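The values are calculated or read from the model by the stated rules, or taken from the named source; none is laboratory data. Being a predicted model, the structure only gives us computed values, none of them experimental. Reconstructed Cβ throughout: ideal geometry from the backbone, glycine too, with neighbour counts over all protein chains shown.
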C-alpha cells in the first residue's frame, strides 16, 4: 500500500498518540505514578506529566487546528486521570475533525514567533516534531524515575 505524504503525516500523528497511551498504561502499573509525573529533568523544564499532556495535545494541534476544530485543554496539575481524559478527548476530536485541507496555510504561534505555514509544512515541521519532543521528554522523565521502558515503548516498532 502506497501512502501519500499527507496520509503518512496523519498516520504518524495517530501512531504517536497511541504511543502516548502506551506510556499512560505503563504509568498505571506504577505504585508511585504521582511522583513519576512530577519528575523534572532540569530545574527550568516542564514536569513529566505536563510533557506527556503537551505531547497528547499536539496530536489535536496537528490535525484539528488546520481545520479550525476545537483543541482539548490541558488540565493542571496533570494526573493519571486528567491525562487519560485528555487522551480520550484528543482521540475523539481527531476522529470527529475533517481531514486537513493540505492546500491552505495555518497561522500559529511558536513560542513568541508568529508563523504561517502550509498545512503539510505545519504538521511535518512544527506539530509532529513538537509532539515527538514532548513525548521524548516524558519518556526520559519516566526512565529517569525508574520505569522500565525501552525503545519499543517509545516507537512501538522495535522488538527485543
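The residue list 23, 17 contains one member that is within 13 Å of residue 139 (Cβ to Cβ) and part of a helix (DSSP H, G or I), which is 23. Among residues of region 12-41 that are within 14 Å of residue 135 (Cα to Cα), those with a Cβ under 6 angstrom from a residue that is outside any helix (DSSP H, G or I) and at pLDDT below 95, sequence gap 6+ or separate chain, pair up as 19/156. For region 98-144, taking the residues that are in a helix (DSSP H, G or I) and more than 17 Å from the chain's Cα centre (by Cα), the one that is surrounded by the fewest Cβ atoms within 10 Å (Cβ to Cβ) is identified as 144.
Quickly run through region 54-80 and pick out the residues that are in a helix (DSSP H, G or I) and touching a helix residue (DSSP H, G or I) at 6+ places or on another chain (Cβ under 6 Å). Don't jump to the end; show me each part of the working.
Residues of region 54-80 that are in a helix (DSSP H, G or I), as a first pass: 54-63, 65-67, 80.
Of everything in region 54-80, those that are in a helix (DSSP H, G or I) and touching a helix residue (DSSP H, G or I) at 6+ places or on another chain (Cβ under 6 Å) turn out to be 54, 55, 56, 58, 59, 60, 61, 62, 63, 66, 80.
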